[in-house]
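Structure first, then comments.
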Amino acid sequence: MDIAPISRKNVSEQVAESIRDTILAGSLSAGDRLPSERELAERFEVNRSSIREALGRLQALGMVETRQGGGIIVRDFLADGGLAILPYLLSPNGATDPRMFTDVLEVRAAFCSFLAEQAAKRASASDLASLRQILLGLEAAETPFERQRQDFEFFRTLADATGNRVLILVLNAIRRVYLENAILFEALYSNEQFSSDPHQRVVAAVAAGDGATAAREVRAWMDLDRQLIEPLASGPGPLDLAE
């Protein structure tokens, strides 16, 4: 395990990032044992409390576990991890994983179409008013990033309209992935590419209580997004959607 000393700023977070990236790079596999806390502290040139805090972060992500008498063991993060690990899988070491990005787009389409379907069954007059206000915001937005934020608010409002607390919590978890990797989706919101017409059609279907049409409209919209992005994601190396 090749580890270099780090600066004192946000020490435990930097230690966690270093070990996390080593695991994601495949240098450590599920079942492998990490050096002891003492050895890690020596290698990173930090105190043991920083190491314990870093390991706590990794344990919360489902990446390691401390076994009594067995040391610190790397876990199978795909089996034990949650959505919190997704941002790091999407862009390990700062380079986007094209296959993981395609996986994200698949789940995006399925999840958002289901949100629209359920919202159409349950949306109140207040929910519809909020959605229409967001449409105005989308029309007024002048930058891709502003459109992205309005777009996320659109789906958050759909989630709120469902009244399903689990859907709302899942969307909260997705929010970090989405906004922290906003640059990956920027091509979808460029002046040349973006149109609020799909949002308009979804709102019309939700207002009519037509869940099947709402879901179909979102699925068609997301399929177009994938057609734009997947060719960019198929090549080797880091993914750059800003080109």
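Computed from label points 7 Å out along Cα-Cβ, the spacing between Glu53 and Met100 is 2.5 nm. Computed from phi, the 3J(HN,Hα) profile of the range 190-206 under the Karplus parametrisation 6.51, -1.76, 1.60 (θ = phi - 60°) reads 5, 4, 6, 8, 6, 9, 8, 4, x, 4, 4, 5, 5, 4, 4, 5, 5 Hz, with x in place of Gly and Pro. Relative to the longest principal axis of the Cα atoms of the chain, the long axis of helix 144-162 lies at roughly 80 degrees.
Ordered from longest to shortest, the equivalent ellipsoid semi-axes for the range 104-193 are 22, 17, 10 Å, each the square root of 5 times a Cα gyration tensor eigenvalue.
Per-residue extension of 0.36 nm, minus the Cα-Cα distance of Glu65 and Ala84, leaves a gain of 5.2 nm for this segment. Taking amide hydrogens as placed 1.01 Å from N in the peptide plane, the amide H of Gly163 sits under 5 Å from that of no residue at least 5 positions away in sequence or on another chain. Close amide H contacts of Gly71 (hydrogens built in the peptide plane, cut-off under 5 Å, sequence separation of 5 or more or a different chain): none are found. Phi angles across the range 99-111 convert, under the Karplus curve 6.51 cos²θ - 1.76 cosθ + 1.60 with θ = phi - 60°, into 3J(HN,Hα) values of 5, 5, 5, 4, 4, 4, 5, 5, 5, 4, 5, 5, 5 Hz, Gly and Pro given as x. Estimated from helical segments only, the mean residue ellipticity of the chain at 222 nm is -20500 deg cm²/dmol, where each DSSP H run of four or more residues counts as -39500 (n - 2.57). Placing +1 on the Cβ of every Lys and Arg and -1 on the Cβ of every Asp and Glu, with no other charges, gives the chain a dipole of roughly 840 debye about its Cα centre. For Glu180 paired with Glu153, estimate the spin-label separation in nm (one decimal), with each label point 7 Å from Cα along the Cα-to-Cβ line. Placing both labels 7 Å along Cα→Cβ, they lie 2.3 nm apart. With N the number of residues in the chain, Rg(Cα) / (2.2 N^0.38 Å) evaluates to 1.20. Annotation: amide H of Thr96 within the under-5 Å range of Leu239, sequence separation 5 or more or interchain, hydrogens built in the peptide plane.
Each residue of the range 20-36 was assigned a 3J(HN,Hα) from its phi angle through the Karplus expression (A = 6.51, B = -1.76, C = 1.60, θ = phi - 60°), giving 4, 5, 5, 5, 5, 6, x, 6, 10, 10, 4, x, 5, 9, 7, x, 5 Hz with x at Gly and Pro.
Quick note: the coordinates plus some simple rules give every number you see, no bench work behind them. Note that the coordinates shown come from a computational prediction; the quantities given were computed from them, not determined experimentally. Glycine gets a Cβ as well: all are built from the backbone with ideal geometry, and neighbour counts include every protein chain shown.
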